[in-house]
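Engineer: Sharing a structure below in structure tokens format, with a few things to ask.
Only the coordinates and a few stated rules stand behind these numbers; no lab work does. What you are looking at is a predicted structure, and each value in this text was computed from that prediction instead of being measured. Positions of Cβ are generated from backbone atoms using ideal geometry, with glycine treated the same way; all protein chains shown enter the neighbour counts.
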Amino acid sequence: MQKVAFIGLGHMGGPMAANLVRAGFTVTAFDLSEEALAQAEAQGCRRAASAQEAVAGVDAVVSMLTTGDVVKGVYLGARGLLQAVDDGTLVVDCSTIAANDARQLVAAANERGLQAIDAPVSGGTAAAGAGTLSFMCGGEKAAVEAARPLLEAMGANVFHAGPAGSGQVAKICNNMLLAIHMIGTAEALQMGVDNGLDPKVLSEIMRASSGGNWSLEKYNPYPGVMEGGPASREYEGGFSVQLMLKDLGLAMDTAAGSASSTPLGALARNLYQLYGADPEHRVLDFSSIQNLFRRPAGD
Ligand code: NAD
């Protein structure tokens, strides 16, 4: 497998496509955004004028789009990519979408005689750039194995969670937990700062103690603690509040479908809802939930 089409070159897709180029794949890229396309071209991707043009003659299509509706709009229907690709093309959707949407996409691809998997990722933009993402795959084992060389060029871990849609269920469980520990980390750091502690010192202490967690270690929400993280660049880039709200909505739908009790997930969604009511907050990185707890200067 050598030729790959990459659809959706945003915060995550851009660096993922660049890693495929670095690994020796020929990547034809498409995004609705001219800026994203230009960046991908600068990283060695070939530019296509449409998604249909991008998939012509490729061995695999990888997509990193935003929502289930966007993914279904791109792949399904008379003008969808499932109709445009050659026979034998492998379909790998890495977007975080509802498990039922992923199942629908895989079923439609299978009906057309194509192998397809859902392969959402964990790790954030830093891991996308470093090629150390974790892929959580749903689909047939043979399809996951066919996708493995591609996924290993973009990530450090490839997990097969189960049949189609299972990657999305794993991803949504993970992101619900992520939201919960990000909020918990933000409130603990603020309480420490409000009581005179240096957030760097407190972070170091908690990291080495029983409060240690990924948000604290890899994605510290308090400005100035971690160089290069979204908190130290005014929460720009990274994983937006808007996308976290989407994932928490998917988590609540999933919980409702299985009658699971998720009280902390529901609270986390409410807090992000409250914070994200301001449109300026919705585009910031999700670690900016720290702002909900910070006091105005001088208070
Ligand atoms: P993003 O908004 O930065 O990128 C999405 C890209 O898709 C944009 O460049 C947009 O122009 C493009 N796009 C939208 N509709 C299109 C269409 N019809 N055809 C072609 N291109 C189209 O989003 P992102 O942060 O890269 O996230 C992508 C997915 O990955 C989401 O489902 C998100 O939940 C998930 N995710 C994000 C992160 C993160 O840290 N950002 C981490 C893990 C998973």
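Engineer: Given Thr89, Gln290, Val144, which one lies farthest toward the positive end of the charge dipole of the chain, if we put +1 on the Cβ of every Lys and Arg and -1 on the Cβ of every Asp and Glu?
Structural biologist: About the Cα centre, the residue reaching furthest to the positive side is Val144.
Engineer: Based on the Cα atoms of the chain, what semi-axes does the equivalent ellipsoid have, where each is the square root of 5 times one gyration tensor eigenvalue, given in whole Å with the largest first?
Structural biologist: The equivalent ellipsoid of the chain has semi-axes of 35, 21, 17 Å.
Engineer: Can you tell me how much longer the chain between Gln242 and Arg294 gets when fully stretched, taken as 0.36 nm per residue apart minus their C-alpha distance, in nm with one decimal?
Structural biologist: Between Gln242 and Arg294, full extension yields an extra 16.7 nm.
Engineer: What does the helix-only formula give at 222 nm for the chain: each DSSP H stretch with n ≥ 4 adding -39500 (n - 2.57), the total divided by the residues, and the result rounded to the nearest 500 deg cm²/dmol?
Structural biologist: On the way: 14 runs with 149 residues, N = 299.
Computed ellipticity for the chain at 222 nm equals -15000 deg cm²/dmol.
Engineer: Here's a follow-up. Would any residue of the range 256-286 have its amide N under 15 Å from a label point 7 Å out along Cα→Cβ of Glu187? List them or say none.
Structural biologist: It comes to 263-275, nothing else.
Engineer: Another question about this same structure. Using a cut-off of 15 Å between beta-carbons, work out the net charge of the residues near Gly228 (Lys and Arg +1, Asp and Glu -1, Gly228 not included).
Structural biologist: It works out to a net charge of -2.
Engineer: Only Cα pairs within less than 10 Å get springs; with that Gaussian network setup on the chain, which residue of Ala143, Ala119, Ala60 has the largest fluctuation?
Structural biologist: In this elastic network of the chain, the residue with the biggest mean-square fluctuation among Ala143, Ala119, Ala60 is Ala143.
Engineer: What net charge is computed for the residues neighbouring Val144, neighbours being all others with C-beta under 14 Å from the C-beta of Val144, Lys and Arg scored +1, Asp and Glu -1?
Structural biologist: Around Val144, the surrounding residues sum to -3.
Engineer: Lys and Arg at +1, Asp and Glu at -1: add these up for the other residues within a Cβ distance under 14 Å of Gly88 and post the number.
Structural biologist: -1
Engineer: Residues of the range 21-52 with amide nitrogen under 19 Å from the 7 Å Cα-to-Cβ point of Gln2?
Structural biologist: Correct set: 21-29, 44-47.
Engineer: Where is the GNM fluctuation largest for the chain (alpha-carbon springs, 10 angstrom cutoff): Pro230, Pro263, Pro120?
Structural biologist: Pro263
Engineer: Within the chain, which whole H helices from DSSP have a Cα span along their axis of at least 24 Å and a mean Kyte-Doolittle hydropathy of -0.5 or more, if any?
Structural biologist: Going by DSSP H runs, the hits are 166-194, 241-258.
Engineer: Where both residues lie in the chain, what percent of DSSP beta bridges are antiparallel, nearest 5?
Structural biologist: Close to 15 percent.
Engineer: With each pseudo-label sitting 7 Å past Cα toward Cβ, what's the Leu197-Thr132 distance in nm, one decimal?
Structural biologist: With each label point 7 Å from Cα toward Cβ, the separation is 2.6 nm.
Engineer: Report the residue, chosen from Val169, Val61, Val201, that carries the largest GNM mean-square fluctuation when the chain is represented by alpha-carbon nodes joined by springs under 10 Å.
Structural biologist: Val201
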